[in-house]
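Asker: To start, I am sharing the structure in question, which I have written as structure tokens.
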Amino acid sequence: MEKPKVATTSLAGCFGCHMSLLDIDDRILKLIELVDFDKSPIDDIKNFTGRCAVGIVEGGCCNEENVHVLQDFRKNCDILISCGDCAIDGGIPAMRNNIPLKECFDEAYHDGPTVYNPNNITPNDKELPLILNKVYPCHHVVKMDYHLPGCPPSADTLWEALVALLSNKPIELPYELIKYD
Amino acid sequence: MDKTITFKIDGVDVKGFPGQTIMEAADAAGVYIPRLCYLKDLTPHGSCRVCTIKVDGRAQAACTQPIAEGVEVENNTAELNEKRRDIIDMFFVEGNHFCMFCEKSGNCELQAMAYRLGICAPKYPFQFPDCSLDATHPDLFIDRNRCILCGRCVNASKVIDEKSVFEFVGRGAAKKIAVNADTLAGTNMAVSDKAAGVCPVGAIIKKRVGFEVPVGKRLYDTEPIGSDIEAKQ
Ligand code: SF4
Ligand code: FES
């Protein structure tokens, strides 16, 4: 029987959730027996190669590319998981949600104390995805089936969740595994 | 304490004495009723409604409702816990609660209540309100992003400290906590005041003591909020 596929991505996140996934230590060998990784930074597959059972999304949406990737995940995954606080509530990137975009750019590229920008350029290449007015939690953009809170969620949380889903059970986290920090 | 009053919570007999609220009698009996704005020693504010119970079928706030002979109280029911979850969800989306760097995380009563009720994410859309932070005071700061308008600081400052440093201003969604000067530094607030230590969330924070307790050893890391009361049983 073909193994179910798992895809992962990091949108507006810090890769901490992915590091936490690697933190399952030797259980990763067991995981590889249970699933194949599809589109994911873990194996560097850039495009979906087939339908995935589970999609794990780290980070919220801060630019248009994040939105496209998230929509692509929704289209290609049976179960989509918001993994970590950034995916769930925007997290640290969402701290800019009450600051006008212009002010954010000015601080980042012109006025900030460590900025070196002799030509005073604000990056505006066509290749760069446009920044959204706000950072959006994933479930504000597409339907998310599960939320695993934490910054990052612990390796045990991720393991419990994956094992439950791969054995066709709903995710039921015990008290110690629901944490927001 | 001349007369005992007997009533039921979730079918179990609880005894109390005249003048006690349902919350007080339940606490003494080791029955935990979830709450947020209530704090022992302060005047009950009755504002958060997390302690909503049913008394003979009618919804009441346990922290303000006096006990009465023979009444049947519902507390730990699926329906009431669902409503409590809704309230907690609303608190989370109506503020900016960045637990990952909050000094209060692990000791926060709002967060702990969400943990106890098993909330992985609030069901309502986040509002990302625009709130201010006042760090002018040498020993304290107030971060309104985290305030849940429980009224504890208002009451403690007025009744216990006799200073009235805090008061609510505005109404409805515009309601917020204010201080009786331009900034917190302009008030006579002291870090030793009762009001400095009653905030259930990280809105009023003492400076230079953040993150003192390591992760794993904080109040609600391993035991749900209310476990101390339930242990009395
Ligand atoms: S600052 Fe804290 S104690 Fe005061 S009303 Fe807000 S949440 Fe309650
Ligand atoms: S604890 Fe009773 S209304 Fe808040």
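Asker: Between B:Asn81 and A:Arg51, how many nm apart are label points set 7 Å from Cα along the C-beta direction?
Answerer: My value for the distance between the label points is 3.5 nm.
Asker: Okay, moving on. Compute the Kirkwood hydrodynamic radius of region B:85-206, taking the inverse of the mean of 1/r over all pairs of distinct Cα atoms, and give it in Å to one decimal.
Answerer: Taking the inverse mean of 1/r over all distinct Cα pairs, region B:85-206 comes out at 14.9 Å.
Asker: Excluding ligands, DNA and RNA, what is the solvent-accessible area per residue of the protein assembly as shown at a probe of 1.4 Å, expressed in Å²?
Answerer: It amounts to 50 Å² per residue over the protein assembly as shown.
Asker: Suppose we compare each residue of region B:114-128 in its chain alone and in the full protein complex with a 1.4 Å probe; which ones drop by at least 30 Å² of accessible area?
Answerer: When all protein chains are present, B:Tyr115, B:Cys120, B:Ala121, B:Phe126, B:Phe128 each give up 30 Å² or more of accessible surface.
Asker: Can you tally the net charge around A:Arg74? Count Lys and Arg as +1, Asp and Glu as -1, for every other residue whose Cβ sits under 14 Å from the Cβ of A:Arg74.
Answerer: +1
Asker: Using the C-alpha gyration tensor of the protein assembly as shown, what are the square roots of 5 times its eigenvalues, in whole angstrom, with the largest one first? Numbers along the way, then the final one.
Answerer: Details: eigenvalues 345, 182, 58 Å².
Equivalent-ellipsoid dimensions as semi-axes: 42, 30, 17 Å.
Asker: How about region B:168-233: which trypsin sites (Lys or Arg not before Pro) there are in a DSSP loop, with at most 10 other Cβ atoms within 10 Å of their Cβ? Please list the in-between numbers first.
Answerer: Working: sites: B:Arg171, B:Lys175, B:Lys176, B:Lys194, B:Lys206, B:Lys207, B:Arg208, B:Lys217, B:Arg218, B:Lys232; in loops: B:Arg171, B:Lys175, B:Lys207, B:Arg208, B:Lys217, B:Arg218, B:Lys232.
Within region B:168-233, the qualifying trypsin sites (Lys or Arg not before Pro) (loop, at most 10 other Cβ atoms within 10 Å) are B:Arg171, B:Arg208, B:Lys217.
Asker: Under 20 Å Cα-Cα from A:Lys143, which aspartates and glutamates qualify once same-chain neighbours fewer than 8 residues away are excluded?
Answerer: A:Glu58, A:Glu64, A:Glu65, A:Asp72, A:Asp78, A:Asp85, A:Asp89, A:Glu172, B:Asp86, B:Asp89
Asker: Roughly how big is region B:85-206's charge dipole about its Cα centre, with Cβ charges of +1 (Lys, Arg) and -1 (Asp, Glu), in debye to the nearest 20?
Answerer: 320
Asker: Probe radius 1.4 Å, ligands and nucleic acids left out: can you give me the accessible area buried at the B-A interface, summed over both chains, in Å² to the nearest hundred?
Answerer: On the way: alone 12110 and 10660 Å², together 20640 Å².
What B and A bury together is about 2100 Å².
Asker: Counting only DSSP beta bridges with both residues in the protein assembly as shown, what percent are antiparallel, rounded to the nearest 5?
Answerer: Working: 25 of 43 bridges.
Of all bridge pairs located within the protein assembly as shown, approximately 60 percent are antiparallel.
Asker: Would you mind working out the magnitude of the charge dipole of the protein assembly as shown relative to its Cα centre, with +1 at each Lys and Arg C-beta and -1 at each Asp and Glu C-beta, to the nearest 20 Debye?
Answerer: Numbers: 45 positive and 59 negative charges, 177 e Å.
In total the dipole reaches around 840 debye.
Asker: Okay, moving on. Normalising by the residue count of chain A, find the relative contact order in percent from Cα pairs under 8 Å and 6+ residues apart.
Answerer: Numbers: 323 pairs, mean separation 45.8, N = 181.
Relative contact order comes out at 25 percent.
Asker: May I ask you to list the residues of region A:38-53 whose amide nitrogen lies under 20 Å from a point 7 Å from Cα along the Cα→beta-carbon direction of A:Phe15?
Answerer: A:38-47
Asker: Could you compute the FRET efficiency for B:Asp228 and A:Lys102, with r as their C-beta to C-beta distance and R0 at 51 Å, rounded to 0.05? Before the final figure, lay out each step's value.
Answerer: Working: r = 50 Å, r/R0 = 0.98.
Efficiency for this residue pair is about 0.55.
Asker: Go through B:Lys104, A:Lys3, A:Lys46 and list them by solvent-accessible area, largest first, probe radius 1.4 Å. Walk me through the numbers on the way to the answer.
Answerer: Numbers: B:Lys104 45, A:Lys3 70, A:Lys46 130 Å².
Result, largest first: A:Lys46, A:Lys3, B:Lys104.
Asker: ³J(HN,Hα) across region B:154-163 via Karplus (A = 6.51, B = -1.76, C = 1.60, θ = phi - 60°), whole Hz, x for Gly/Pro?
Answerer: Residue by residue, region B:154-163 yields 4, 5, 5, 5, 6, 8, 8, 7, 6, 10 Hz.
Asker: Quick check on region B:5-76: what are the equivalent-ellipsoid semi-axes from the Cα gyration tensor, as sqrt(5λ), descending, whole Å?
Answerer: 17, 13, 10
Asker: Springs between alpha-carbon pairs under 10 angstrom, Gaussian network model over chain A: which of A:Leu101, A:Leu29, A:Leu162 fluctuates most?
Answerer: Highest fluctuation of the listed residues: A:Leu29.
Asker: What percentage of the solvent-accessible surface of the protein assembly as shown, computed with a 1.4 Å probe over protein heavy atoms, is contributed by carbon and sulfur atoms? Can you show the working numbers first?
Answerer: Details: 10960 of 20640 Å².
Exposed carbon and sulfur together represent 53 percent of the surface.
Asker: Size of chain B along its principal axes in angstrom, Cα-based, largest extent first?
Answerer: 53, 40, 37
Asker: Shape call for region A:1-91 from the C-alpha gyration tensor, a ≥ b ≥ c root eigenvalues: rounded (a/c under 1.5), prolate (a/b greater than b/c) or oblate? Write out the running numbers ahead of the final one.
Answerer: Values: a/c = 2.07, a/b = 1.28, b/c = 1.61.
In terms of gyration-tensor shape, oblate.
Asker: So which residues in region A:115-146 end up with at least 50 square angstrom less accessible surface once the other protein chains are there, compared with the chain by itself, probe 1.4 angstrom?
Answerer: Residues shielded by partner chains are A:His140.
Asker: Name the residue, out of A:Gly50, A:Gly16, A:Gly91, whose mean-square fluctuation peaks in a Gaussian network model built on chain A with Cα pairs under 10 Å.
Answerer: Maximum fluctuation in the GNM of chain A, among the listed residues, is at A:Gly50.
Asker: I'd like to know which of B:Pro138, B:Ala68, B:Val50 lies farthest towards the positive end of the charge dipole of the protein assembly as shown, counting +1 on Cβ of Lys and Arg and -1 on Cβ of Asp and Glu.
Answerer: Value: B:Ala68.
Asker: Answer rounded, prolate or oblate for chain A, using the Cα gyration tensor with square roots of eigenvalues a ≥ b ≥ c: rounded when a/c is under 1.5, else prolate when a/b is larger than b/c, else oblate. Provide the component values of the computation, followed by the final result.
Answerer: Working: a/c = 2.19, a/b = 1.81, b/c = 1.21.
Prolate.
Asker: In the structure displayed, which of B:Lys15/B:Lys163; A:Lys5/A:Lys179; A:Lys3/B:Lys104 lie more than 32 Å apart, Cα to Cα?
Answerer: Working: B:Lys15/B:Lys163 37 Å; A:Lys5/A:Lys179 27 Å; A:Lys3/B:Lys104 43 Å.
Listed pairs above 32 Å: B:Lys15/B:Lys163; A:Lys3/B:Lys104.
Asker: Obtain the nm distance between the two label points defined at B:Ala174 and B:Val159 by a simple spin-label model: each point lies 7 Å from its Cα along the Cα-to-C-beta direction.
Answerer: 2.9
Asker: In whole percent, what relative contact order does region B:85-206 give with Cα contacts below 8 Å and a gap of six or more residues?
Answerer: Values: 186 pairs, mean separation 35.2, N = 122.
Reported relative contact order: 29 percent.
Asker: A follow-up question, please. What dipole magnitude, in Debye to the nearest 20, does chain B give about its Cα centre under +1 on Lys/Arg Cβ and -1 on Asp/Glu Cβ?
Answerer: So the dipole magnitude of chain B works out to roughly 320 debye.
Asker: Name the longest site-free stretch of chain A, where the excluded sites are GluC sites (Glu not before Pro) in a DSSP loop with no more than 11 other beta-carbon atoms within 10 Å.
Answerer: On the way: sites that count: A:Glu2, A:Glu127, A:Glu172.
Counting at most 11 other Cβ atoms within 10 Å as exposed, the longest clean stretch of chain A is A:3-126.
The values are calculated or read from the model by the stated rules, or taken from the named source; none is laboratory data. Just so it is clear, the structure is predicted and the values come from calculations on it, not from any experiment. Positions of Cβ are generated from backbone atoms using ideal geometry, with glycine treated the same way; all protein chains shown enter the neighbour counts. All accessible areas refer to the heavy atoms of the entire protein, side chains included, with ligands and DNA or RNA removed. Shrake-Rupley method; radii C 1.70, N 1.55, O 1.52, S 1.80 Å.
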